[in-house]
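Since the structure comes first, as structure tokens, the remarks are kept for the end.
The values are calculated or read from the model by the stated rules, or taken from the named source; none is laboratory data. Since the model is a prediction, treat every value here as computed from it, not as a measurement. So basically every Cβ, Gly included, is an ideal-geometry build from the backbone, and we count neighbours across all protein chains shown.
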Amino acid sequence: MRIERSKQWWLDRAAREGADVIGAGLVARDPVLESRSGASAPTPREEARIAFGRFINLMRRQRGFSMERLAEEAELDASELLVIESDVHYIPEPRTVYRLAQTFSVSQQRLMQLAGLSAANDSGLSQEAVKFAARSESMQKLSREENAALDAFIAVLSRQDPKQGK
């Protein structure tokens with residue numbers, strides 16, 4: 001049996017979608033992805049991605065790793081690590097975040113949230129991420145303040161995931 005749909009049927013279905021964004025790939029994976037106008041404020045996921053890039057950078061520097069050494073340890077491509085640290089719009093693959101979570105011994109679920117790959121159901125994590133990103137600056141060596149901020153943020157990321165504790 002073959003089901004056929006008329007052109008009008010398809011047009012009616014398309015009209016029902018209205019202005020909804022329908023897509024695959026990154027749009028499907030990140031449903032809150034919006035087109036940004038030049039000077040708009042960062043979205044919560046972008047703020048988290050800023051913290052994600054800074055976190056990876058500071059963890060790498062704290063351990064004295066070069067980009068290449070971290071790539072070896074985490075079994076990742078060094079060029080991807082460079083993009084993670086420098087481009088807040090880059091969305092890493094889940095495998096990449098998983099490998100980084102293992103390498104740095106932090107919660108995979110929380111690092112996924114920080115990378116913008118899953119929705120954060122913990123507003124405390126989002127607030128801590130913004131505070132962390134605001135307190136850390138790019139320098140060659142970590143200052144005592146950056147080290148303290150990084151340690152505090154590691155503690156937040158290392159806490160047992162809320163759903164797994166039950």
Inset, instruction - Working only within the stretch 129-144, note down all residues that are assigned to a helix (DSSP H, G or I) and modelled with pLDDT under 80. - result: ALA129, VAL130, LYS131, PHE132, ALA133, ALA134, ARG135
Inset, instruction - Answer yes if at least one residue in the stretch 78-96 is surrounded by 14 or more Cβ atoms within 10 Å (Cβ to Cβ), under 15 Å from LEU157 (Cβ atoms) and at pLDDT 75 or above, and no otherwise. - result: no
Legend entry - Which numbered condition SER126 fails, given (1) part of a helix (DSSP H, G or I); (2) modelled with pLDDT of 85 or more; (3) of a type outside the set (A, V, I, L, M, F, W, C): (2)
Legend entry - Conditions (1) within 30 Å of LEU142 (Cα to Cα); (2) modelled with pLDDT under 85; (3) of a type in the set (S, T, N, Q): number failed by SER35: (1)
Inset, instruction - Evaluate the following for GLU46: is it of a type in the set (Asp, Glu), modelled with pLDDT of 90 or more and in a helix (DSSP H, G or I)? - result: no
Inset, instruction - For SER107, state whether it is at pLDDT below 90, under 17 Å from the mean Cα position of the chain (by Cα) and loosely packed, with under 14 Cβ neighbours inside 10 Å. - result: no
